[in-house]
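The values are calculated or read from the model by the stated rules, or taken from the named source; none is laboratory data. These numbers come from a predicted model, not from an experiment. FYI the Cβ positions are ideal-geometry reconstructions off the backbone, even for glycines, and counts take in every protein chain you see. Accessible surface is based on the protein model in full, side chains and every heavy atom, while ligands, DNA and RNA are left aside. Shrake-Rupley method; radii C 1.70, N 1.55, O 1.52, S 1.80 Å.
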Amino acid sequence: MSMLLGYFAGFLTNVVIYTLFVIGLNLQFGYTGLINFGHVAFLAVGAYTVAILVTHHAPILLAVLAGMVVAAVFSFVLGYPALRLRDDYLAIVTIGFAEVLRIWLNNASFTNGPEGIGGFDVPLGWLPVSHDAWRWIYLILCVVVAGVVFAVVEYLARSPWGRVLKAIREDEDVAVSLGKNIVSYKLTALALGAAIAGLAGALTAFYYQYINPHNFEATITFEAWTIMVLGGIGKNWGAALGAAIYFGLYTVTSEFTSSPIGPFSTDQLAALRIVLIGIILILLMIYRPQGILGRKEDLGLDR
């Protein structure tokens, strides 16, 4: 029973952290139309910044803020030249940056290379409770953090600033004709989304208490895109719903891969699980391409 509760806490924490991660991507693509195929890079920047600073005895809160700022600065440096060109260039630049960063982290001495970084202090780690109890307390902390970010992003989306982002997404020429500096708005959205991803990276590092470059492979970005599309583009509640469904499918289907069934080995069953999840997602995209909570208008599907 205790093991089951600990597993459930881990599942929920993963869902909450991914929700936060996808909210950052949703701000960039769902509200602004920016194509970021290297979102995992900002997750890695946040996680490594926190791990390195806390290992050197920096206060945890300061380290988290630093992780968010560093992620935002990296996005600004990437976006400043790329956003003056077509959207395709941002997609190419971000996916290239994510892969270069991962290889660099894998070879740099200060990141401990492929062995990664572990054993650093965690929030509320001083509490005299068991590890399972700490996982539940940490889950509550993650929910509070994600709730605050969710509320801030929802407020911004309904503000004049958010309405300009949506105008840019719909038609950049119209926004320019109204005197809006679209590069400035895009850079702000890109940096804010990256900072949120950096925060998600910090929470990831604390939860696992260990990180290495393999935790930040390109598949993480495409998982985030899948969750965003599944839940509904431009809908922050969709990020939470998409994350719950996506990891729920993984968890349920994992029960069928623990031992061989008939002529299928566990490796073959694991591959079939991916195929099954892919078929479910394809069917969803056929019959509800705007996602579960999304609107066709946000994708231009009614035109």
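Key figures for this structure:
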{"quantity": "Taking the convex hull of Cα positions in the range 85-143, its mean projected area over all directions (nm²)", "calculated": "6.9"}
{"quantity": "Span-rule helices in the chain, defined as complete DSSP H runs reaching 18 Å or more along the axis (Cα) with Kyte mean at least 0.0", "calculated": "2-25, 39-55, 60-82, 87-107, 131-158, 182-208, 218-231, 236-254, 266-287"}
{"quantity": "Relative contact order of the range 226-295, pairs being alpha-carbon contacts under 8 Å that are 6 or more residues apart, as %", "calculated": "46"}
{"quantity": "Cα→Cβ-extended label distance, 7 Å offset, between Leu249 and Lys180, nm", "calculated": "3.3"}
{"quantity": "Cα centre as origin, Lys/Arg/Asp/Glu Cβ charges: the chain dipole, Debye", "calculated": "580"}
{"quantity": "Heavy-atom surface of the chain, accessible at 1.4 Å and reported per residue (Å²)", "calculated": "49"}
{"quantity": "Two-decimal ratio, the range 199-265, of alpha-carbon radius of gyration to 2.2 N^0.38 Å", "calculated": "1.39"}
{"quantity": "Cα→Cβ-extended label distance, 7 Å offset, between Glu154 and Asp267, nm", "calculated": "4.7"}
{"quantity": "Cα-only Debye scattering, the range 90-214: base-10 log of I(q)/I(0) at q = 0.09, 0.16, 0.19, 0.21 Å⁻¹", "calculated": "-0.42, -0.97, -1.10, -1.18"}
{"quantity": "Dimensions in Å of the range 1-141 - Rg and Dmax from alpha carbons", "calculated": "17.4, 56"}
{"quantity": "16 Å Cα cut-off, lysine pairs counted over the chain (separation 8 or more, or different chains)", "calculated": "5"}
{"quantity": "Relative contact order (%) - criterion: Cα under 8 Å, at least six apart; region: the chain", "calculated": "31"}
{"quantity": "Fraction of alpha-carbon pairs over 29 Å apart in the range 132-282 - percent", "calculated": "35"}
{"quantity": "Distance from the range 43-101 to the range 107-165 (C-alpha centre basis), Å", "calculated": "15"}
{"quantity": "Ordering of 200-212, 71-83 by packing [mean C-beta count within 10 Å, highest first]", "calculated": "200-212, 71-83"}
{"quantity": "Cα principal axis extents for the chain, largest first, Å", "calculated": "60, 51, 35"}
{"quantity": "Inter-label distance for Leu61 and Gln209, nm, one decimal - labels placed 7 Å from Cα along Cα-to-Cβ", "calculated": "2.3"}
{"quantity": "Length added when fully stretched, Ala108-Ile140, from 0.36 nm per residue minus Cα-Cα", "calculated": "8.1 nm"}
{"quantity": "Sequence of Arg84, Arg288 from largest to smallest accessible area, 1.4 Å probe", "calculated": "Arg84, Arg288"}
{"quantity": "Dipole-positive endmost among Leu124, Asn181, Ala9 within the chain (Cβ charges, Cα centre)", "calculated": "Asn181"}
